[in-house]
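Below: the structure, in structure tokens.
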Amino acid sequence: MSTAALLTLVRSGGNQVRRRVLLRARGLQDDRWVTPTCHSSTSEPRWSRFDSDGSGRPATWDNFGIWDNRLEEPILLPPSIKYGKPIPKVSLQNVGSASQIGKRKENEDRFGFAQLTNEILYFAVYDGHGGPAAADFCHTHMEKCILDLLPKEENLETVLTLAFLEIDKTFARHAHLSADATLLTSGTTATVALLRDGIELVIASVGDSRAILCRKGKPMKLTIDHTPERKDEKERIKKCGGFVAWNSLGQPHVNGRLAMTRSLGDLDLKTSGVIAEPETKRIKLHHADDSFLVLTTDGINFMVNSQEICDFVNQCHDPNEAAHAVTEQAIQYGTEDNTTAVVVPFGAWGKYKNSEITFSFSRSFASSGRWA
């Protein structure tokens, strides 16, 4: 797409943009209308954003490479010119979130999302264990730590890695200076996403909270759980002098205590190979195909698989409803853990739906034994 055509698309503000603007930029001719929204004076015909030419054929942003997601967000001009295709703005107002205590005495999950700079958005979930202290610390300080690193480092994967390590060191200093000895055994998972220019998505994660991208209605896992079941993780634990023991449910734990091999906090297990260095992943969004990013804690992940999460979210009208639907579904399936979900809508929001979702009473009954 030429810069001139892109400028025309954005300046129109969604009002009476003809497809011929783009086609002429390529030396083609086409008289069909495509832009969804049109506001006109009383002397001009009024156009519907779903039927711009009155032909009965709905018009969508697919013609421009993104879907008409009904969120009515503007196009980001500088990134669209930079990448040569329209990039819709991801607004924090449309981000959905939900967190439920389940049957636990306390909700140790934390989550957050924020606009860090004009170009970068932040989304995160933290699942605390051994008390909420470590999750609270990350929730309070991670944003500022990332902000301090951004002017010094262009690579967002490096930024997140440095931020995780710095937060872990800072929490260790805080815990050792505190009179509260329980801080030494408090820890948390951390799954943090940064979105730059509405198109560059970078994920960093420790523990077993997850990030899933829904592309063409199918889940794309952006994180891998850090558990002793992974051969590489188990070998590191053993090399550092730690050991893996299985509980009565057949679940492996580091030194018989921790179900994950990487975390923030858990200071008493640092010498046993539990590290704070995250695994990272970078991906370029395709707004014509990508519906949403969802961050979830293990109270959801142990009960609802990735495809089911995509299907539940795709049935919902808005991301906030979707976040609540996912957390509540996990509870219906039998989880007793805290459940937290953050849903970030992208260009293809509402494009892929699956009407064949059924509730499994047998799984719900069977899964209840997991927490016995």
(request) Taking the residues in region 245-280 that are in a loop (DSSP other than H, G, I, E, B) and among the polar types (S, T, N, Q) as candidates, determine which candidate is modelled with the lowest pLDDT. (result) Ser248
(message) I'm trying to understand the selection: among the residues of region 130-149, which are in contact (Cβ under 8 Å) with a residue 40 or more places away in the chain and more than 18 Å from the chain's Cα centre (by Cα)?
(response) Gly130, Gly131, Pro132, Ala133, Ala134, Phe137
(request) Determine, yes or no, whether His317 is within 27 Å of Thr158 (Cβ to Cβ), part of a loop (DSSP other than H, G, I, E, B) and modelled with pLDDT under 95. (result) no
(request) May I ask you to list pairs of residues, at least six apart or on different chains, whose Cβ atoms are under 6 Å apart, with the first in region 270-281 being among the aliphatic types (A, V, I, L, M) and the second being surrounded by fewer than 19 Cβ atoms within 10 Å (Cβ to Cβ)? (result) Ala276/Leu165
(request) Please work out if Val304 is at pLDDT 95 or above, of a type in the set (A, V, I, L, M) and either part of a helix (DSSP H, G or I) or at negative phi (or both). (result) no
(message) Between a residue in region 104-129 that is without any contact (Cβ under 8 Å) to a residue 24 or more places away in the chain and any residue that is in a strand (DSSP E or B), which pairs come within a Cβ distance under 7 Å, given they are 6 or more apart or on different chains?
(response) Gln115/Leu121
(message) Among (1) in contact with a Leu (Cβ under 7 Å, 6 or more places away or on another chain); (2) without any contact (Cβ under 8 Å) to a residue 24 or more places away in the chain, there is one condition Arg173 misses while meeting the rest; what is its number?
(response) (1)
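The values are calculated or read from the model by the stated rules, or taken from the named source; none is laboratory data. Note that this is a predicted model, so its numbers are computed, not measured. Ideal geometry is used to build each Cβ from the backbone, glycine not excepted, and the neighbour counts take in all protein chains shown.
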